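Asks: My structure is below; once you've seen it, I'll send some questions.
Rule-based calculations on the coordinates, nothing more; no lab input. This is a predicted model, so every value here is computed, not measured. Cβ atoms come from the backbone with ideal geometry, glycine included; neighbour counts cover every protein chain shown.
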Amino acid sequence: MQRLLLPFIILIVASAFLSAACIRKQDDSDNNITESRDTSITESGDRAVTDPPEAKKNKPILTGADQPELYVPYLKGKRVAMLANQTSIIGKRHLVDSLKTLGVNIVKVFGPEHGFRGQASAGVHVADEVDPTSGIKVISLYGAKNKPSNEDLADVDVVLYDLQDVGCRFYTNINALVRLMEACQENNKELLILDRPNPNGYLIDGPILDMKYKSGIGMFPIPMSHGLTVAEFAQMANGEGWLTNKAKCKLKIITNANYEHDMPYTLPVPPSPNLSTQQGIMLYPSTCMFEGVYVNHGRGTHYGFTLLGSPAYKGIYAFSYTPTSIKGMAESPLFMNEVCYGLDLRTYDVELLRKSKQINIQWIMELYKNHPEKEKFFDSKLSRQMNTIELLIGTDQFRKQIIEGKSEKEIRASWEPGLSNYKKMREKYLLYR
């Protein structure tokens, strides 16, 4: 009988040892945990990228959340708050449900744009609620307030962040991250980030935000497509002094395993209602700019950011589609119930973007050139779009360059000085090659 029990005893002891080892400080560990306080950000980044790329080939990418052995022991016995949504999963199960099963005390959840379960339309304010599945209180950070209050964090020991991002300045998750970092810093709480791959991590392109166009869809001086994971961005925000009063948030990071920025990565869960296809996610850095012009970009269909059209292009383009009201996605889309003619990008070879490492600006140049009423093209009031082209692109030069008929080469040349400086800055904060 003792011989039968011996393997189980060994397993229990080994598990306990692993749990203890998992929360060692970064200076004592070469696993996927890094910590960043007032120490050198570059130091943690250099250590994280030492594995040779060939060692990661043919291994499955593991997100931070997919490695619970690295963070569950740290969370045990603590009161945990989370900023999470429908993308916060371990395998096929929601992180909240998994952590509760593992005995983690989750006292509240903060919900971002689109809500905790990802069912609200873009730009729609979300109210506080009690999640019917978990029974946990959900405090919206996209409505009456945009960051946790001191009261919200009074009964919390540690805050956890796990949101899938798509690598664009105008995707609002990074704004929510920095506000959360500020709240944690103000209340002396540590922020644990479960990192996730950036599906557009290979892409660093577009003009740097001119800060006079700072808005809810662009808060930081970075390009349209920034080429960072959320954990890398958090380190950049700390290091560059982007928090209020240049404060620094105490960070603990669980990095992705077997991941590099140029690796293809298919998202297991749509990150938002209108980014419901992998094609749309890959085209998003190039087609989200159409939210600022008089062209429908697929809202009112199930192919957001892969269709570009307007009734004005009848007789110019053969392809057509009709936007309709879709609850939870686009209830009043531009050109609702009107036949739109234009470009069908659902079968566009996104590998061309990967090879060029550039966003596509030819589509907007072409559609402006072919629009029969050019004075309406950039009129965001007429189009009832949420944002102007300046807020999305981050500069007032792009509109002028398109109208003046500048070439793509000339437009890109105007971006290069800012991009070159950004790429040098980015190197300091990389956790992956």
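Asks: Counting only Cα, what are the radius of gyration and maximum Cα-Cα distance Dmax of region 275-422, in Å?
Replies: According to the Cα coordinates of region 275-422, Rg and Dmax are 15.0, 46 Å.
Asks: Please list, in order along region 308-316, the HN-Hα scalar couplings obtained from phi with the Karplus expression 6.51 cos²θ - 1.76 cosθ + 1.60 (θ = phi - 60°), rounded to whole Hz, x for Gly and Pro.
Replies: 10, x, 7, x, 5, 8, 4, x, 9
Asks: Next up: Take Lys76 and Thr266, extend 7 Å from each Cα along the Cα→Cβ direction, and tell me the distance between the two endpoints in nm.
Replies: Placing both labels 7 Å along Cα→Cβ, they lie 3.6 nm apart.
Asks: Next question, about the same structure. Quick one: length gained pulling Lys369 to Lys423 fully straight, 0.36 nm per residue minus the C-alpha distance?
Replies: So the extension gain works out to 16.2 nm.
Asks: Express in nm, to one decimal, how much length is gained between Ser149 and Lys246 on full extension, taking 0.36 nm for each residue of separation and deducting their alpha carbon distance.
Replies: 33.0 nm
Asks: May I pose another question? Using R₀ = 60 Å, calculate the FRET efficiency as 1/(1 + (r/R₀)^6) where r is the Cβ-Cβ separation of Lys376 and Ala127; round to 0.05.
Replies: Efficiency for this residue pair is about 0.95.
Asks: While we're on this one: What is the extension gain from Thr322 to Asn187, computed as 0.36 nm multiplied by their sequence separation minus the C-alpha to C-alpha distance, in nm to one decimal?
Replies: Between Thr322 and Asn187, full extension yields an extra 43.6 nm.
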